[in-house]
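Colleague: The structure follows.
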Amino acid sequence: MAARHLLCLFVFNTLLLCFISSHHLADAAAIYTSQKVTLSLYYESLCLDCASFIVNKLVDLFNTDLYTIANLKMVPWGNAQIQETNNTITCQHGENECYLNTIHACAIDAWPVRKHFKFIHCLETQATEIEDTEVVWRNCSDDLGLSQDPIDDCYDSGRGKQLILEYADETDALRPPHRFVPWVVVNGRALEGDYENYEAYVCRAYKGDNVPDACSSYSLMSTEKKTSNKSGCYVDAREVSKTEPPA
């Protein structure tokens, strides 16, 4: 009896320790997640300035360890508009852009961030030469070994349009309102014309421990307001392509 009592006590204590440890781990994970910086990109699929930023600059998020402190959110709506008369969507660069924006939205919905970013990166490397939009995204999915089924299901079911309309609402709710894309926001702060310097803003915004090595390169970089000549695709296409970083 004594041996059985000791065994039961041992099992109970073991289970109790496991329970406490699991909760500690969950709490630690929640704290770590809450400390991550939210990096949001508002863009449209056939804007050449968006493509250049994604392919040449945003990719550095994953080419370094900066991704360990950032939650990347991509919002493919940009300067599209909803026509009130018939509730149709028009995009700045035509029907192909509307189609690809929806494909991007479906990819974001279907795959975790590193997978959908690779897929979008593949598409954006071809933004200047896309003729058959469907062939391009299917080739990218094949090249990356990603199943086309979730994209087809999302698009054919209408889920893609639902996601796009949600992105429209989110983009319209930006404060200050976006004036052009790419429009980059770090923890709610719009970088405006200084968007290519997003790494410095992410590093400055991070308040947690375990600062990534990538941030050592940006610790001395200024995030003070200065004029910038970075171009973009403007809400009003007639506007002069000169922007400024945030105050």
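Colleague: Skipping prolines and chain starts, which residues have an amide H placed within reach, meaning under 5 Å, of the one on Cys47, given they are 5 or more residues away or on another chain?
Modeller: Answer set, sorted by chain and number: none.
Colleague: Take the alpha carbon atoms of region 82-220, find their radius of gyration, then divide it by 2.2 N^0.38 Å using N residues; give the quotient.
Modeller: The reported ratio for this selection is 1.21.
Colleague: Using the structure shown, select from Lys57/Lys161; Lys118/Lys207; Lys73/Lys161 the pairs with a Cα to Cα distance greater than 24 angstrom. Write down the numbers at each step before the final one.
Modeller: Working: Lys57/Lys161 28 Å; Lys118/Lys207 28 Å; Lys73/Lys161 18 Å.
With Cα atoms farther than 24 Å apart: Lys57/Lys161; Lys118/Lys207.
Colleague: While we're here: Quick check: convex hull of the Cα atoms in region 47-107, volume per residue, rounded to a whole Å³?
Modeller: Working: hull volume 6.0 nm³, N = 61.
Value for region 47-107: 98 Å³ per residue.
Colleague: Can I ask one more? Could you give me the ³J(HN,Hα) list for region 46-62, computed from phi with Karplus coefficients 6.51, -1.76, 1.60 and θ = phi - 60°, whole Hz, x at Gly and Pro?
Modeller: With the stated coefficients, region 46-62 comes to 10, 7, 5, 5, 5, 4, 4, 5, 5, 6, 9, 10, 5, 4, 5, 4, 9 Hz.
Colleague: Next up: Could you give each residue of region 152-162 its phi-based ³J(HN,Hα) in whole Hz, using Karplus coefficients 6.51, -1.76, 1.60 with θ = phi - 60°, and x for Gly or Pro?
Modeller: 4, 4, 4, 5, 5, 7, x, 4, x, 5, 4
Colleague: Amide H of Ala190 versus every other amide H placed in the peptide plane: which residues, excluding those fewer than 5 positions away on the same chain, fall under 5 Å?
Modeller: none
Colleague: With an 8 Å Cα cut-off and a minimum separation of 6 or more residues, compute the relative contact order for region 37-234 in percent.
Modeller: Numbers: 266 pairs, mean separation 63.8, N = 198.
Rounded, it is 32 percent for region 37-234.
Colleague: Given H placed 1.01 Å from N in the peptide plane, which residues other than close sequence neighbours of Lys73 have an amide H under 5 Å from its amide H?
Modeller: Excluding prolines and chain starts, which carry no amide H, the hits are Leu39, Ser40, Leu41.
Colleague: Once you put a point 7 Å from the Cα of Gln35 and another 7 Å from the Cα of Gln148, both along the Cβ direction, what distance in nm separates them?
Modeller: Simple spin-label model gives 4.4 nm for this pair.
Colleague: In debye, nearest 20, what is the charge dipole magnitude of region 37-234 about its Cα centre with +1 on Lys and Arg Cβ and -1 on Asp and Glu Cβ, if you could check?
Modeller: In debye, rounded to 20, region 37-234 gives about 900.
Taken together, the values in this text are just the output of simple stated rules run on the coordinates, not laboratory data. Keep in mind the model is a prediction, meaning the values are calculated, not measured. As a convention, Cβ positions derive from the backbone with ideal geometry for all residues, glycine included, and neighbour counts pool all protein chains shown.
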